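The next block holds one structure in the form of structure tokens; read it before the comments.
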Amino acid sequence: MSDRGGIFAGDDPFAIARSWLAEAEASEVNDPNAIALATVDAGGLPNVRMVLLKEIEAESFVFYTNYGSAKAQELDHAGKAAFVMHWKSLRRQIRVRGTITREDGSQADEYYASRSLKSRLGAWASQQSQPLSSRGALMAEVARVTAKHGPNPERPPFWGGYRLTPVEIEFWADGAFRLHDRFRWSREEVAQEWVIQRLSP
Ligand SMILES: Cc1cc2nc3c(=O)[nH]c(=O)nc-3n(C[C@H](O)[C@H](O)[C@H](O)COP(=O)(O)O)c2cc1C
């Protein structure tokens, strides 16, 4: 007999993630969709940085970045990643681990087009993660790409999305006296059914 209910109710982990994020949107000071994205480099050294989660879909989580960045090289090389999102206002976290593919088709075009013009041009101007001689050099590049690409820039070929398809999703909620609630959805392969387990805090 399952004792899973309330904020953990339902068997679809993507629906729960969407519902928690919606709650966080109402209560967080800023960036409720910020995730700490963990990768591993070719030498096995872990790396982590914040990115913004842009879509929670039926089977995956999508974020956007520069395909020349350090993270992109690590994502492409390993084909796997993990992330955690933590909301201080709700005292909850979601941890996700899974496989990575690029989302560089029409969905990326649409998201790129939805961004402000300055952000779209900024994506053109920044060689993310590469050494930069000065802020002035970056602003000169912004001016150059603004003149070149005009008011309706195409999505840069070196900028787009990544889709993380999970094999593990854990929902955690703060409990009194550190007796937290944890539920993990896991599967060995994406095609398999989820196994749902309560975990010790
Ligand atoms: C709250 C927050 C949100 C961020 N969102 C993104 C994002 O969506 N995409 C991105 O490429 N970088 C984002 N960044 C910047 C990254 O943390 C990081 O500095 C950058 O992507 C370079 O990382 P890398 O050298 O590991 O590739 C964000 C930073 C913060 C603090």
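FYI, it's all coordinate maths here, none of it is from the lab. Just so we're clear, the structure is a prediction, and the values are computed from it rather than from any experiment. Methodologically, a virtual Cβ is constructed for each residue, glycine included, from the backbone with ideal geometry; neighbour enumeration extends over all protein chains shown.
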In whole angstrom, how long is each semi-axis of the equivalent ellipsoid of the range 79-201, when you take the square root of 5 times every eigenvalue of its Cα gyration tensor and sort them from largest down?
40, 19, 13
Semi-axes of the equivalent ellipsoid of the range 98-159: what are they in whole Å, largest first, if each equals the square root of 5 times a C-alpha gyration tensor eigenvalue?
23, 17, 8
About the Cα centre, charge dipole magnitude for the chain (Lys/Arg +1, Asp/Glu -1 at Cβ), debye:
720
Using a Cα-Cα cut-off of under 22 Å, which lysines could be cross-linked to Lys80, ignoring same-chain neighbours fewer than 8 residues away?
Lys54, Lys71
Rg over Rh [alpha-carbon atoms, Kirkwood Rh] for the range 63-130
1.03
Which one, Ser19, Leu132, Thr99, is farthest towards the positive end of the dipole of the chain when Lys and Arg carry +1 and Asp and Glu -1 on their Cβ?
Leu132
Okay, which of the range 154-180 sit inside 12 Å, backbone N to the point 7 Å along the Cα-Cβ direction of Glu193?
none
For the range 63-102 and the range 5-46, distance of Cα centres in Å
10
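Can you sort Leu179, Leu21 by how many other beta carbons sit within 10 Å, fewest first?
Leu179, Leu21
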Tell me which residues come under 5 Å, amide H to amide H, from Glu57 once H is placed; ignore anything under 5 positions away on its chain.
Val62
